[in-house]
Amino acid sequence: MLKKDLIIIVIISLILVGVINYVSTEYRRYDYPVMAASDTLMNVIEVETEYGLAIDSFDIYKGKVKRNQFLADMLGKFDVPYVHIDKLVRNSKEVFDVRRMKVGNRYAVFSSLDSVAKAKYLVYEESSIDYIVFHLGDSLYAERQQKEVTSIRKHVKGSIESSLWNAMKDADANPMLAVELSEIYAWTVDFFGIQKGDAFEVIYDEQYVDSLSVGIETIHFANFRHYGDDNKAYHFMQDSVWSYFDEEGNSLRKAFLKAPLRFSRISSKFSNSRLHPVLKIRRPHHGIDYAAPSGTPVYSIGDGVVIKKGYQKRGGGNYIKIKHNSVYTTVYMHFSKFAKGMATGKKIQQGQVIGYVGKTGLATGPHLDFRVFKNGKAIDPLKVESPPVDPVKETYTQAFKATVKHWDLKLLEYAPQAETALN
């Protein structure tokens, strides 16, 4: 009997070993994850964070920088010793100068959950993406961080009924796209002369932080139909520099900008006999008047050197004269004030702010009187023809053709998704 029981026990043991080996083999075959001994519950549970800090570990005070508010004012209510604040400022100088904090920008103080709140971190939002974390623990220092940014490819097209800005809103696009297009087409399209029926189509990337748009990242392709003519723009890089070119490889950048300021209107054109609004007499007006609010930035239409800057008693008020080359000179008048650093002899780059719209001199309201001289003779600024510069080089021809083909095919993909606005 004992021998029979022993045999049964051996058989059962063998069966159990076989089952265990089979289960172990199957477990390994499916490669189930095994939690290491060092793993904790915090590694498994997703912790809600803000600026990379666990929000359930702190009391958080949020505010906006006020006028004449300094770092000491932000941290004063949290009993941070002034000697610590002073050391923090000195230690952080290479990362961020606290004197550059802007009124209206957001900040947050993360303090301990103790009965006596003690500040652990101060976060200052330098922009919608960049922020500075000031550490207030045993070590006093700052580090620069960025929020997670998502880039979304978009396609938009529309027709103009009143203004480009409103057309963007009607097309459910970011209105700032209008500003970007005005930059791209500054040399080829007169945005002061756009009319009802003009149309646009754009493929671009827009950046988002969470669900909030933080700006246009890149415009890859654009077409602006103006007075029935297509003006295509392809984003292409040559010699490590990105720029925009038409389908033939000609640069959209010209020797001069089309206009010295953006989003305004022409209130008076070039004329040999205009009734002066103040003097009430007819005399030549060899320039263009752009009506715009006081303080509107005015840009140099091209590279050059300031040859005159001052106040014109005969009516021009605050003015600047820029020599661009041996042929062309431009004059900008009625400034409310000059841009910082403007002086005779200063070199100016195309698109650089040189002053701000005002009504100094003989003027009934804020506007810019803009004049162009060719070989010393006043000419109509609207009739200045500027040759394109820096076309696509021969060595980049094939790469550029591939770029054009790529975005043209993309347009065909987008075509069925919306009504055609450019037909």
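In table form, for the structure just shown:
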| quantity | calculated |
| --- | --- |
| Top-ranked residue of segment 46-62 - restricted to ones that are aliphatic (A, V, I, L, M) and not in a loop (DSSP other than H, G, I, E, B), ranked as surrounded by the most Cβ atoms within 10 Å (Cβ to Cβ) | LEU53 |
| Filter result for ASN231 (open to solvent by 20 Å² or more (accessible area, probe 1.4 Å), more than 26 Å from ILE301 (Cβ to Cβ) and polar (S, T, N, Q)) | no |
| Those strands (runs of 3 or more DSSP E) lying entirely in segment 308-393 with at least 3 residues in contact with a strand residue (DSSP E or B) (Cβ under 9 Å, 6 or more places away or on another chain) | 317-323, 328-338, 353-357, 367-374 |
| Options PHE200, PHE192, PHE224, PHE270; residue that is closer than 18 Å to TRP165 by Cα and at pLDDT below 90 | PHE192 |
| Subset of segment 115-133 (residues that are open to solvent by 40 Å² or more (accessible area, probe 1.4 Å), in contact with a Leu (Cβ under 8 Å, 6 or more places away or on another chain) and small (Gly, Ala, Ser)) | SER128 |
| Members of segment 63-81 found to be open to solvent by 100 Å² or more (accessible area, probe 1.4 Å) and closer than 13 Å to ALA119 by Cβ, listed by number | LYS77, ASP79 |
| Residue in segment 319-328 that is closer than 20 Å to LYS258 by Cα, open to solvent by less than 50 Å² (accessible area, probe 1.4 Å) and either touching a residue at least 60 places away in the same chain (Cβ under 8 Å) or of a type in the set (Asp, Glu) (or both) present | yes |
| Hits in segment 146-177 - residues which are out of contact with any strand residue (DSSP E or B) (no Cβ under 9 Å at 6 or more places or on another chain) and either in contact (Cβ under 8 Å) with a residue 60 or more places away in the chain or charged (D, E, K, R) (or both) | GLU161, TRP165, LYS169 |
| Strands (runs of 3 or more DSSP E) fully within segment 76-185 counting 3 or more residues that are more than 30 Å from LYS232 (Cβ to Cβ) and more than 19 Å from the chain's Cα centre (by Cα) | 106-111, 119-125, 130-136, 140-146 |
| Single residue of segment 354-368 satisfying the filter (open to solvent by 10 Å² or more (accessible area, probe 1.4 Å) and among the hydrophobic types (A, V, I, L, M, F, W, C)) that is farthest from THR296 (Cα to Cα) | LEU362 |
| Tabulated pairs, segment 240-255, first closer than 17 Å to GLN398 by Cα and assigned to a strand (DSSP E or B), second at pLDDT below 90 and of a type in the set (Phe, Trp, Tyr), C-beta under 9 angstrom, 6+ apart or interchain | TYR244/TYR185; SER251/TRP187 |
| Qualifying residue in segment 369-376 (condition: more than 22 Å from ALA255 (Cα to Cα) and surrounded by fewer than 20 Cβ atoms within 10 Å (Cβ to Cβ)) | no |
| Index of the failed condition, LYS377 passing every other in (1) within 27 Å of the chain's Cα centre (by Cα); (2) within 21 Å of VAL306 (Cα to Cα) | (1) |
| VAL392 touching a helix residue (DSSP H, G or I) at 6+ places or on another chain (Cβ under 6 Å), among the β-branched types (Val, Ile, Thr) and open to solvent by less than 40 Å² (accessible area, probe 1.4 Å) | yes |
| Residue that is surrounded by the most Cβ atoms within 10 Å (Cβ to Cβ) [pool: residues in segment 134-159 that are within 30 Å of HIS220 (Cβ to Cβ) and among the aliphatic types (A, V, I, L, M)] | VAL156 |
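The values are calculated or read from the model by the stated rules, or taken from the named source; none is laboratory data. What you are looking at is a predicted structure, and each value in this text was computed from that prediction instead of being measured. Glycine also receives a Cβ, built like all others from the backbone with ideal geometry; neighbour counts cover every protein chain displayed. Side chains included, ligands, DNA and RNA excluded: accessible areas come from the protein's heavy atoms. Shrake-Rupley method; radii C 1.70, N 1.55, O 1.52, S 1.80 Å.
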